[in-house]
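Asks: If you scroll down you'll find the structure; I have some questions about it.
The values are calculated or read from the model by the stated rules, or taken from the named source; none is laboratory data. Small disclaimer: the values here were computed from a predicted structure and weren't measured. Cβ placement follows ideal geometry from the backbone for every residue including glycine, while neighbour counts extend to all protein chains displayed.
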Amino acid sequence: MENIIFNPAAETLSRDEIHAIQSRELQKVTRRAYDNVPFYRRKMDALGVKPEDIKTAEDIKYLPFTEKNDLRDNYPFGLFAVPREQIVRVHASSGTTGKPTVAGYTQNDLDVWAELMARSLSCAGVNKNSVVHVAYGYGLFTGGLGAHYGAEKIGATVIPVSGGNTQRQLMLLKDFGATALACTPSYAMNLADAMEREGMDMNEIALQAGVFGAEPWSEHMRDQLEKRLHIKAFDVYGLTEMMGPGVAMDCVERCGLHVWEDHFLPEIIDENLKGVPYGTEGELVFTTLTKEGMPLLRYRTHDLSSLDIAPCACGRTHVRMRRVKARTDDMLIIRGVNVFPSQIEHSLLKISGIAPQYQIVVDRKGSLDTVEVQVELDRTLIGDTVRDLETLSKKIASQLASDVLISCQVKLCQPGSLPRSEGKAKRVIDNRK
Ligand code: DLL
């Protein structure tokens, strides 16, 4: 795959230049937030910090954190830093509970977003000759429009299909000659299932690259998607609060996702909210450096990652974040053991004969937590005897017990029987809440 750098001047800045930009922009964004957003003025006053105290990027440690709840408390537009007339677009992410998280963009914010998505798609080899099939949802969710404007900025041909209607997606993928597919990894898996069911010949499909994100996925899943769809699969990361997709992106080297540091200042913090050195795992925190509509200082993502500053062979100099495998708030505590859904997925993917479709159902019987892992059988095993299936089920349970350190009930399900999502997959049903 060709290594295309969309904006070499910005993407290959020296570390000193990046530091200078970050220091300058951090001063400016702190001032904007303090002067225009009462929430930040109150928070900074409470900490005794003034905008003029912020001189270099390192001074970020004096600034207050922002939490998702702060966005909810200021719903819908309370954190906007410009008058509403200057906001040209609003997006929102649906939370599992209550009100959505809202983000507002000025025209300049949208232009920056298109540029950063163009940089990101270029990392996956997208160029002006590409045909980009966008199957992320269009609407308040940032995936569809984010990928759309980025691909247009490159000059590629965009097919704005949005999510859903899998049958039609297959037809369009083939007929319009898509070379890149942008959707969630779980939806890409559904498309691969559907293609196999239909007996589609992969040689009739022109796809070369997948730009997958919006939910955690594993290296195993990357392998599977690459083999099944005959593509190179790339990881794109982002969140509504920062902008949407395109905050960070995998490159051909596959050694982490470059965070576009001229627009975002990433930090990793530990459980005491203290910054940790490069290479140490912790919670990702971002500050928007150039956002006008809704600047956020030290936004706590609850995504677990680490940062790597070592030079990358692709030539980009921006720091890399390790792929997000889990969120701190996804962690299930089962009989006192901390379990991440991604660990269960990893364990399941080691066993042949089961499809990578699964659901984890957590319940409480009396005072005991129970876990049932429902997993689909591979189509090739449908004719197997009850005895074979019992053996498989025991094998899965013992693999889980040794990898995840909890005992689980295993339920084998018919292929295609677990609910499919067109956007982010819902893997956990926790009935204890
Ligand atoms: O999911 C934005 C997006 C759209 C990213 C399309 C990539 C592609 P939200 O709905 O606000 O925004 O969800 C943000 O999703 O904090 C992570 O927990 C998770 N997430 C996003 N990208 C990845 C990824 C969009 N590549 C939340 N790997 C984030 C793992 C991801 N988790």
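Asks: Among 322, 327, which is the only one that is touching a Gly at 6+ places or on another chain (Cβ under 7 Å), within 16 Å of the ligand (Cβ to nearest atom) and charged (D, E, K, R)?
Replies: Residue meeting the stated conditions: 322.
Asks: Being under 16 Å from residue 215 (Cβ atoms), within 14 Å of the ligand (Cβ to nearest atom) and in contact with a Lys or Arg (Cβ under 8 Å, 6 or more places away or on another chain) is the requirement here; does residue 239 meet it?
Replies: Here the answer is no, as residue 239 does not meet what is asked.
Asks: Right, next: Just one of the numbered conditions (1) assigned to a strand (DSSP E or B); (2) more than 29 Å from residue 286 (Cα to Cα) is not true of residue 433; which one?
Replies: The number of the failed condition is (1).
Asks: State which residue pairs qualify: first residue free of Cβ contacts under 8 Å to residues at least 60 places away in the same chain and in a loop (DSSP other than H, G, I, E, B) and inside the stretch 140-155, second residue within 13 Å of the ligand (Cβ to nearest atom) and among the hydrophobic types (A, V, I, L, M, F, W, C) in any location, beta carbons under 7 Å apart, and separation of 6 or more residues or different chains.
Replies: 140/92
Asks: Are any residues in the stretch 128-148 surrounded by fewer than 21 Cβ atoms within 10 Å (Cβ to Cβ) and within 13 Å of the ligand (Cβ to nearest atom), and if so, which ones?
Replies: 138, 139, 140
Asks: Helices (runs of 4 or more DSSP H) wholly in the stretch 1-64 with at least 2 residues that are surrounded by 13 or more Cβ atoms within 10 Å (Cβ to Cβ), in contact (Cβ under 8 Å) with a residue 24 or more places away in the chain and among the aliphatic types (A, V, I, L, M) - which ones?
Replies: Hits in the stretch 1-64: 15-36.
Asks: I would also like to ask the following. Filter the stretch 154-165 down to residues that are away from the ligand (no atom under 16 Å from the Cβ) and modelled with pLDDT of 95 or more and give me whichever is surrounded by the fewest Cβ atoms within 10 Å (Cβ to Cβ).
Replies: 155
Asks: Please find, within the stretch 237-263, the residue that is surrounded by the most Cβ atoms within 10 Å (Cβ to Cβ) out of those that are within 20 Å of residue 311 (Cα to Cα) and touching a Ser or Thr at 6+ places or on another chain (Cβ under 6 Å).
Replies: Among them, the one singled out is 249.
Asks: Does the stretch 162-180 include one or more residues that are of a type in the set (Phe, Trp, Tyr), more than 30 Å from residue 30 (Cα to Cα) and either under 15 Å from the mean Cα position of the chain (by Cα) or in a strand (DSSP E or B) (or both)?
Replies: No, that holds for no residue.
Asks: Residues of the stretch 288-309 being assigned to a loop (DSSP other than H, G, I, E, B) and either acidic (Asp, Glu) or within 12 Å of the ligand (Cβ to nearest atom) (or both), which ones?
Replies: Within the stretch 288-309, just 292 meets the criteria.
Asks: Inspect the stretch 166-179 for any residue being aromatic (Phe, Trp, Tyr) and buried (at least 22 other Cβ atoms within 10 Å of the Cβ) and give the result as yes or no.
Replies: For the stretch 166-179, residues aromatic (Phe, Trp, Tyr) and buried (at least 22 other Cβ atoms within 10 Å of the Cβ): absent.
To keep it simple, each residue is scored yes or no on (1) more than 28 Å from residue 109 (Cα to Cα); (2) within 15 Å of the ligand (Cβ to nearest atom).
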{"site": "187", "(1), (2)": "yes, yes"}
{"site": "217", "(1), (2)": "yes, yes"}
{"site": "223", "(1), (2)": "yes, no"}
{"site": "244", "(1), (2)": "no, yes"}
{"site": "248", "(1), (2)": "no, yes"}
{"site": "258", "(1), (2)": "no, yes"}
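Asks: Right, something else. Among the residues of the stretch 412-428 satisfying the criterion of being surrounded by 15 or more Cβ atoms within 10 Å (Cβ to Cβ) and farther than 23 Å from residue 137 by Cα, which is farthest from the ligand (Cβ to nearest atom)?
Replies: Among those that are surrounded by 15 or more Cβ atoms within 10 Å (Cβ to Cβ) and farther than 23 Å from residue 137 by Cα, it is 412.
Asks: Which residue pairs have Cβ atoms closer than 7 Å, lie 6 or more positions apart in sequence or on different chains, and pair a first residue in the stretch 384-403 that is closer than 14 Å to residue 343 by Cβ with a second residue that is among the small types (Gly, Ala, Ser) and not in a helix (DSSP H, G or I)?
Replies: Taking only residues 6 or more apart or on different chains, the pairs are 401/407.
Asks: Still on this model: Identify all residues within the stretch 189-215 that are within 12 Å of the ligand (Cβ to nearest atom) and either in a helix (DSSP H, G or I) or closer than 14 Å to residue 427 by Cβ (or both); write none if there are none.
Replies: 214, 215
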